[in-house]
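For reference, the structure is listed below as structure tokens.
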Amino acid sequence: MVVADDQEIVRTGLRMILDAQPGIVVVGVAADGRRAVELARRLRPDVCLIDIRMPVMDGIQATLALAGPGVADPLAVVVITTFDLDEYVYAALRAGARGFLLKDAGPDLLAQAVHAAARGDALIAPNVTARLLATFAGSGPAPVPVQPVEALTDREEQVLATVAGGRTNSEIAADLHISLSTVKTHIASLMAKLGARNRVEIALWAYQTGRVDVRRSGAGGAGGW
């Protein structure tokens, strides 16, 4: 994986933590977004861990370059930052970031996020998930949610609710007694029907349509998305 952060002590710390985790090897580090994009495009790592606030090119621009809608072969990007309610968080997720963590997340959650991103899942810091969704739910009149041309199936409605509740693919499979591949198929179908590019957008749609009450929603489990 590639790690990008403008602070040398943070880069060094993240590399040491990640290299000590089973199945994770840091193959490159960068001090700014532009260098991170160059490294990632050349090395094609399974996951890129990118700080939001960096010089030359910030984490949002770097994420967009590596995982945005116009990228033919997108890479998995996890955003890591000090700011849990930073206005850039939602922009980074919209740009294609697969996960979002705070720098105080700890080694276990950090490793979980990297492994989740590598296998196609996503993970967002538990204390951020509910706050992020609550912020948008209470930020004024909600935009009229897109209505799918093809109605959701009963199973897709169930998967939608679990995604909005912060469950990982593995947890959804266990909860609904279906296979992991079936979960991924349903999530792909939800994204296609809703025009969503990530699990956060699926969850926001669930809140906007009243399928989930943000006031009753917790981060749930390990905060997986």
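With respect to Pro55, determine if the residue is crowded, with 19+ Cβ neighbours inside 10 Å, in a loop (DSSP other than H, G, I, E, B) and of a type outside the set (Ser, Thr, Tyr).
On the way: crowded, with 19+ Cβ neighbours inside 10 Å: no; in a loop (DSSP other than H, G, I, E, B): yes; of a type outside the set (Ser, Thr, Tyr): yes.
No.
Okay, residues lined up against (1) in contact with a strand residue (DSSP E or B) (Cβ under 8 Å, 6 or more places away or on another chain); (2) under 15 Å from Glu8 (Cβ atoms); (3) at pLDDT below 95:
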site: Val26; (1), (2), (3): yes, yes, no
site: Arg35; (1), (2), (3): yes, yes, no
site: Asp51; (1), (2), (3): yes, yes, yes
site: Asp58; (1), (2), (3): no, no, yes
site: Ala62; (1), (2), (3): yes, no, no
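Being over 14 Å from Gly99 (Cβ atoms), in the same structural domain as Gly96 (by the TED database), in contact (Cβ under 8 Å) with a residue 40 or more places away in the chain and not aromatic (Phe, Trp, Tyr) is the requirement here; does Arg11 meet it?
Values: over 14 Å from Gly99 (Cβ atoms): yes; in the same structural domain as Gly96 (by the TED database): yes; in contact (Cβ under 8 Å) with a residue 40 or more places away in the chain: no; not aromatic (Phe, Trp, Tyr): yes.
Spelling it out, it is not the case that Arg11 is over 14 Å from Gly99 (Cβ atoms), in the same structural domain as Gly96 (by the TED database), in contact (Cβ under 8 Å) with a residue 40 or more places away in the chain and not aromatic (Phe, Trp, Tyr).
Quick one: Gln147 ticks every box in (1) modelled with pLDDT under 90; (2) assigned by the TED database to the domain that holds Arg15 except a single one, so which number is it?
That leaves (2) as the condition not met.
Here are the criteria: (1) in contact with a helix residue (DSSP H, G or I) (Cβ under 6 Å, 6 or more places away or on another chain); (2) open to solvent by 40 Å² or more (accessible area, probe 1.4 Å). Tell me which single one Gly33 does not satisfy.
The single condition Gly33 does not satisfy is (2).
Looking at (1) of a type outside the set (D, E, K, R); (2) modelled with pLDDT under 95; (3) in a helix (DSSP H, G or I); (4) crowded, with 17+ Cβ neighbours inside 10 Å, which is the one condition that is false for Gly96?
Of the numbered conditions (1) of a type outside the set (D, E, K, R); (2) modelled with pLDDT under 95; (3) in a helix (DSSP H, G or I); (4) crowded, with 17+ Cβ neighbours inside 10 Å, the odd one out for Gly96 is (3).
Show the residue pairs that are 6+ apart or on different chains and have beta-carbon atoms under 7 Å apart, the first residue being within the stretch 154-178 and at positive phi, the second being open to solvent by 60 Å² or more (accessible area, probe 1.4 Å) and not aromatic (Phe, Trp, Tyr).
Going by the 7 Å Cβ cut-off, the qualifying pairs are Gly166/Gly221.
Out of all the residues in the stretch 2-30, which are within 14 Å of Ala62 (Cβ to Cβ) and either in contact with a helix residue (DSSP H, G or I) (Cβ under 8 Å, 6 or more places away or on another chain) or buried (at least 19 other Cβ atoms within 10 Å of the Cβ) (or both)?
First, the residues of the stretch 2-30 that are within 14 Å of Ala62 (Cβ to Cβ): 2-6, 28-30.
Residues satisfying the conditions are Val2, Val3, Ala4, Asp5, Gly28, Val29, Ala30.
All but one of (1) over 18 Å from the mean Cα position of the chain (by Cα); (2) surrounded by 15 or more Cβ atoms within 10 Å (Cβ to Cβ) hold for Ala164; which doesn't?
Of (1) over 18 Å from the mean Cα position of the chain (by Cα); (2) surrounded by 15 or more Cβ atoms within 10 Å (Cβ to Cβ), only one is false for Ala164: (1).
The values are calculated or read from the model by the stated rules, or taken from the named source; none is laboratory data. What you see is a predicted model, and the numbers here were worked out from it, not measured in a lab. Please note: Cβ atoms are built from the backbone with ideal geometry, for glycine as well, and neighbour counts cover all protein chains shown. Side chains are part of the model used for accessible areas, which takes the heavy atoms of the whole protein and leaves out ligands, DNA and RNA. Shrake-Rupley method; radii C 1.70, N 1.55, O 1.52, S 1.80 Å.
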